[in-house]
Amino acid sequence: MDFIVEGRAFAGGEFVECAIGIENGRISRIGKTIEPSGGCRRISAKHILPAGVDAHVHFRDPGLTHKEDFATGTMSAAFGGISCVLDMPNTKPPAVTTEALAEKIEIAKRKACVDFGIYAGASAVGNVEALAKKCTAFKLYMAESTGGLNVPDSEIEGICAKIAKTGKALSIHTEDEKTRKKFEEKNLEDHLKSRSNICEAEAVKRVAALAPKLKNEIHLAHISAKESIEYLKNKPKNLTAEVAPHHLFLNAGMDLRQYGKVNPPLRTKQDQSALWEALNLGIIDMLASDHAPHTIDEKEKEFNDAPSGMPGVETMYPLMLAASKVKRIEIARLANAISERPAQIFGFGERKGKIAVGYDADLIFVDFQNARKIKAEDLHSKCGWTAFEKFDAIFPESTMVRGKFVVENGSFVGAPGYGRYVSE
Ligand code: DOR
Ligand code: ZN
């Protein structure tokens, strides 16, 4: 055995005082006590939780690495308790061809310090079968957003059917291009008007009607409007949905200027309440950060020209742990939504997403007494800012990926090149 970790671990649906044995990167035993053998290291922790799986990040590599790259993005993930990320295809070149996809996988293998999956972008021209052999999942944009990868409206159903045949999960950015209003935007209220609740709900309705005809996982990225949730009640089994922390914690009435500009937009307090409720009830399956960094210079452009997107991979789990402490979400629901469900939906739920024998030893160590305010200067994304300044958070003290510390007692001890591709 390599490690024995002792503490209150979230295993089997509750916190239990136990010892976790780790061997060759996997959890080999869970018991009341485990006798140490050989040169095994014994560590104690207050609370031990499954590390998070963030199935929606934009690490900007290749081509946009002035905003982020796989080294800084995965380091930021590790500090936020995330052991596995799934990277979106709107990079340069976009991951819509097998060449671009293969290049991105190689870059990530060299630079990532946590495990990763890679999305292929759905397009009218890409070779879906060939992409499916290499990618973790597909991403389809129904409306224009950063990167301009949206597919022609009339081709959406056809492309979805093609992807469904490959069996790979398909994540969809559900905003309706026809309903989107284009005008000179001055502030967050304008941005919300341009991408209204109905703009999202129409697209969700269309995908909810399509999903029963398809056999793969159809996943709705960043659900943000209360009207969308109506279509998720009694949804077909293969239809799943995520919510991003910014839609739970922020709204268009806040003084965030362009830093709060994201797609889909920040909405109202009523939408926030509906999202919290849907997440707590499991109507929304999972959390994902939609970490979409842009530099301060880019964000400081006039509102209308500033790019949409905000960082979030490092703050998602800490914000949610702080929310669990004040009972906005139960810890069991949180662990399921941030770890177990994303691993299941994206096809590696037999290896990652929970603390159980045989699973990857992807763990975070947490002290719930150790809450602090989020500060941009403490974070590790290349972009250097956060919209969650001064929000309460509980950061993990340590993050372990496959039995190795990447962050230990608040210090980075990881190495680029350690992260593995989950789809090999
Ligand atoms: O706000 C967003 N930013 N929404 C997206 O769909 C893309 C993302 C980005 O890549 O910046
Ligand atoms: Zn995104």
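We did not get these values from a lab; they are worked out from the coordinates using the rules stated. Computed from a prediction, not measured in an experiment: that's the story for all the values here. As a convention, Cβ positions derive from the backbone with ideal geometry for all residues, glycine included, and neighbour counts pool all protein chains shown.
Some notes on this structure:
- On the principal axes of its alpha carbon atoms, the stretch 31-154 extends 61, 31, 25 Å, with the longest extent given first.
- The spread of Cα positions in the chain, taken along each principal axis and listed from longest to shortest, comes to 65, 46, 43 Å.
- The stretch 323-424: equivalent-ellipsoid semi-axes (sqrt of 5 x gyration tensor eigenvalues, Cα, Å): 24, 19, 14
- Ranked by the mean number of other Cβ atoms within 10 Å of their residues, highest first, the peptides 108-117, 39-48, 204-213 fall in the order 108-117, 204-213, 39-48.
- Counted by Cβ distance under 12 Å from N238, the other residues give a net charge of +2, where Lys and Arg count +1 and Asp and Glu count -1.
- When E377, E314 are sorted by how many other C-beta atoms sit within 10 angstrom of their C-beta, beginning with the fewest, the order is E377, E314.
- Close amide H contacts of S145 (hydrogens built in the peptide plane, cut-off under 5 Å, sequence separation of 5 or more or a different chain): N150.
- Exposure proxy order (Cβ contacts within 10 Å, fewest to most) of K382, K325: K325, K382
- Taking the inverse of the mean 1/r over every pair of distinct Cα atoms in the stretch 165-263 gives a Kirkwood hydrodynamic radius of 14.4 Å.
- Judged by the mean number of other Cβ atoms found within 10 Å, the most tightly packed of the peptides 51-59, 122-130, 289-297 leads the ranking 51-59, 289-297, 122-130.
- Across every pair of non-identical alpha carbons in the stretch 211-340, the mean reciprocal distance, once inverted, gives a Kirkwood radius of 15.5 Å.
- As a ratio to 2.2 N^0.38 Å, the alpha-carbon radius of gyration for the stretch 60-218 is 1.09.
- Summed residue charge, Cβ within 14 Å of M286's Cβ, Lys/Arg positive, Asp/Glu negative: -1
- Long hydrophobic helices in the chain: none of the complete DSSP H runs spans 27 Å or more by Cα along its own axis with mean Kyte-Doolittle hydropathy of at least -1.0.
- Dipole check for the chain: with +1 at the C-beta of Lys and Arg, -1 at the C-beta of Asp and Glu, and the Cα centre as origin, the magnitude is about 700 Debye.
- Here the spin labels are modelled as points 7 Å beyond Cα on the Cα-Cβ line, and at E184 and K390 they lie 3.2 nm apart.
- Counted by Cβ distance under 14 Å from M254, the other residues give a net charge of +1, where Lys and Arg count +1 and Asp and Glu count -1.
- Long-range amide H partners of L86 with built H, under 5 Å: D54, A55, H56, V57, G117
- For the pair the stretch 34-67 / the stretch 335-369, the C-alpha centres are spaced 10 Å from each other.
- Relative frequency of Cα-Cα separations exceeding 13 Å in the stretch 246-312, percent: 65
- Along each principal axis, Cα extent of the stretch 8-75, largest first, Å: 50, 30, 18
- Hz values of 3J(HN,Hα) by residue in the stretch 28-41 - Karplus curve (6.51, -1.76, 1.60), Gly and Pro given as x: 9, 8, 10, x, 4, 9, 10, 6, x, 10, x, x, 6, 8
- Derived from the Cα gyration tensor, the three semi-axes of the equivalent ellipsoid of the stretch 291-374 are 31, 19, 11 Å, largest first.
- V96, V5, V313, V401 arranged by Cβ crowding within 10 Å, fewest neighbours leading: V96, V5, V401, V313
- Structural descriptor for the stretch 241-322: relative contact order 37 percent, calculated from alpha carbon pairs under 8 angstrom and at least 6 residues apart.
- Rounded to the nearest Hz, the phi-derived 3J(HN,Hα) couplings of the stretch 122-127 under the Karplus curve 6.51 cos²θ - 1.76 cosθ + 1.60 (θ = phi - 60°) are 6, 8, 6, 9, x, 8, where x marks glycine and proline.
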